Amino acid sequence: MKHATAKRVTVVLFQTSDVEAELLIRDDGQGFDVDTRQLGFGILTMQDYCGAVGGTLAVKSTPGSGTAVRALFPLSGSGADEVVADPVEPAT
């Protein structure tokens, strides 16, 4: 919302199978061209967090049409056991 000037954001988290969860985030903001714009720190950080637990992150956006972020996370194995309780706080 900070950069998107969005008026509405939708967040959905659901379990897609016994071994995977999906997080969808969509906004109605200004969007951006994912092919020409350099990824910012926020998106890179989300990719790092997803990768750290064996997940994936996809970002789709179109100028004038908002942005959608889809993250898939394993519920067990593939690094899921290594998730920290509060990923915002640095590990000690």
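All of the numbers you see were taken from the coordinates with simple rules; none came from a lab. Just so it is clear, the structure is predicted and the values come from calculations on it, not from any experiment. We place every Cβ from the backbone using ideal geometry, glycine too, and count neighbours over all the protein chains shown.
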Built amide H within the under 5 Å cut-off of Glu20, gap 5+
Leu75
Formal net charge of residues neighbouring Val9 (Cβ-Cβ distance under 9 Å; K, R +1; D, E -1):
+1
With θ set to phi - 60° and the Karplus curve 6.51 cos²θ - 1.76 cosθ + 1.60, what are the ³J(HN,Hα) couplings of the range 58-75 in order, to the nearest whole Hz, using x for Gly and Pro?
10, 10, 10, 7, 9, x, x, 10, x, 9, 10, 10, 10, 10, 10, 10, x, 8
Over all viewing directions the Cα convex hull of the range 1-58 casts an average projected area in nm² of 4.7
From phi via Karplus (6.51, -1.76, 1.60), per-residue ³J(HN,Hα) for the range 19-36 in Hz, x at Gly/Pro:
10, 8, 10, 10, 10, 10, 10, 10, 9, 9, x, 6, x, 7, 8, 5, 7, 10
Could you check the simple spin-label distance between Arg70 and Thr5, using points 7 Å along Cα→Cβ, in nm with one decimal?
2.8
